[in-house]
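The values are calculated or read from the model by the stated rules, or taken from the named source; none is laboratory data. Please read all numbers here as calculations on a predicted model, not as lab measurements. Here the Cβ positions follow ideal geometry from the backbone for every residue, glycine too, while neighbour counts run over all protein chains shown.
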Amino acid sequence: MNFPVTRMRRLRRTEALRSLVRETRLHPGALIYPLFICPGEGVRREISSMPGVFNVSVDEALKEAEACAALGLGGLLLFGLPAEKDEQGTGAWAEDGIVQTALRALKANRRLDSLVTIADVCLCEYTSHGHCGVVARDGEHYSIENDSSVALIAKAAASLAVAGADIVAPSDMMDGRVEAIRAALDAAGKQDTPVMSYASKFASAFYGPFREAADSTPQFGDRRSYQMDGANVREAMREIDQDVAEGADMLLMKPAMPYLDVIRAARERYDLPLGAYQVSGEYSMLQAAFARGWLERERAMMESLLGIRRAGADFIVTYFAQDAGRVLG
Ligand code: PBG
């Protein structure tokens, strides 16, 4: 209508103009790098479905952490691959557990003070059956018990906070776990440890490569009785309502790219700090396209992260954190 008075292209003419009017920016401090800690020493084992991502022993994790700190990243999200698993997942709250040990080592290194250490809290990496909670069997049928799982998850959260986690992040999707974790943290003298709830976590095919990375594929059944149905946005808002009411300090949404509308809806409705997790399958599919030369590596990576920011995420958990940090540096 207003053409030629209004010419949108005027502000796109040079990079300087484009930069001046840019609405959304990425910053290394808003990127969180996931680490998969395994037993041993000098271990750095690439995950076959996630090129560029490794299972690392504690000593190697310290090196990764130093690289993240040097890039100015915001923090680390820690997962553990215990030496042994059992039916209950006792490794999740063991004082000498794999993530507890890593946390103590990370916290002993003052050069890493700029990194926020976030401990993922779940049982699936520690249980022999690979489910996120306690399995009750009845003949051929099984179910994942909610309340008994919550008690164990709260114990794991307290143990991780005592070992030095700056934030605990429950990813199990049991009902009532935020309240139970808050109580367990307070009872352990960790009133100041925030809970970042994976408030809306969908049952997603995009977690596939993670299950190789964390060796946590369910041995039977699937996670659909506790993770959310991918069709539901309103239910996601109710999940978040619950977690906020139970005392969550921060929210994490996942996956990210297939659920940008859910991130946007959460951003508009809640004032809590809001993060999004660009999960393993999102990373792997982009890597696969880069390897074939089908997508331009740097541009597609940055565009994927920008889209998640634009949808409303304050911070992003991503396996690209170090690569993106280098681009932004
Ligand atoms: C543990 C957990 C999972 C992820 C984060 N925490 C796996 C799952 O629910 O199966 C997935 C992360 C990713 O795919 O990168 N409950």
So, of the residues in the range 235-251 that are of a type in the set (Asp, Glu) and surrounded by fewer than 18 Cβ atoms within 10 Å (Cβ to Cβ), which turns out to be nearest to Ile181 (Cα to Cα)?
Asp249
Residue under question is Lys190, and the condition is that it be surrounded by 24 or more Cβ atoms within 10 Å (Cβ to Cβ) and either assigned to a loop (DSSP other than H, G, I, E, B) or under 14 Å from the mean Cα position of the chain (by Cα) (or both); does it hold?
no
Return the pairs, sorted by first residue and then second, in which the second residue is within 16 Å of the ligand (Cβ to nearest atom) and in a strand (DSSP E or B), the first residue lies in the range 243-271 and is without any contact (Cβ under 8 Å) to a residue 40 or more places away in the chain and more than 17 Å from Val121 (Cα to Cα), the beta carbons are less than 7 Å apart, and the residues are 6+ apart or on different chains.
Tyr270/Leu251
Can you tell me which residues in the range 54-83 are part of a helix (DSSP H, G or I) and over 19 Å from Cys122 (Cβ atoms)?
Val58, Asp59, Glu60, Leu62, Lys63, Glu64, Ala65, Glu66, Ala67, Cys68, Ala69, Ala70
Tell me, yes or no, whether the range 260-273 has at least one residue that is surrounded by fewer than 22 Cβ atoms within 10 Å (Cβ to Cβ), of a type outside the set (Gly, Ala, Ser), outside any strand (DSSP E or B) and within 16 Å of the ligand (Cβ to nearest atom).
no
Please determine whether any residue of the range 115-132 is touching a Leu at 6+ places or on another chain (Cβ under 6 Å) and under 13 Å from Asp175 (Cα atoms).
yes
With respect to Ala289, determine if the residue is crowded, with 17+ Cβ neighbours inside 10 Å, at pLDDT 95 or above and of a type in the set (Gly, Ala, Ser).
no
Subset of the range 206-224 (residues that are within 9 Å of the ligand (Cβ to nearest atom) and assigned to a loop (DSSP other than H, G, I, E, B)):
Ala214, Ser216, Thr217, Pro218, Arg223
Six or more apart or on different chains, Cβ under 7 Å: which pairs go from a residue in the range 161-186 that's within 19 Å of Leu112 (Cβ to Cβ) to one that's surrounded by fewer than 22 Cβ atoms within 10 Å (Cβ to Cβ) and of a type in the set (Val, Ile, Thr)? Could you list them?
Asp166/Val116; Ile167/Val116
Only one of Ser280, Ser304, Ser284 that is surrounded by 20 or more Cβ atoms within 10 Å (Cβ to Cβ) and away from the ligand (no atom under 13 Å from the Cβ):
Ser304
List every residue pair whose Cβ atoms sit under 7 Å apart, with the two residues 6 or more apart in sequence or on different chains, where the first one lies in the range 272-288 and is under 12 Å from Phe320 (Cβ atoms) and in contact (Cβ under 8 Å) with a residue 60 or more places away in the chain and the second, anywhere, is part of a helix (DSSP H, G or I) and more than 8 Å from the ligand (Cβ to nearest atom).
Glu282/Met257
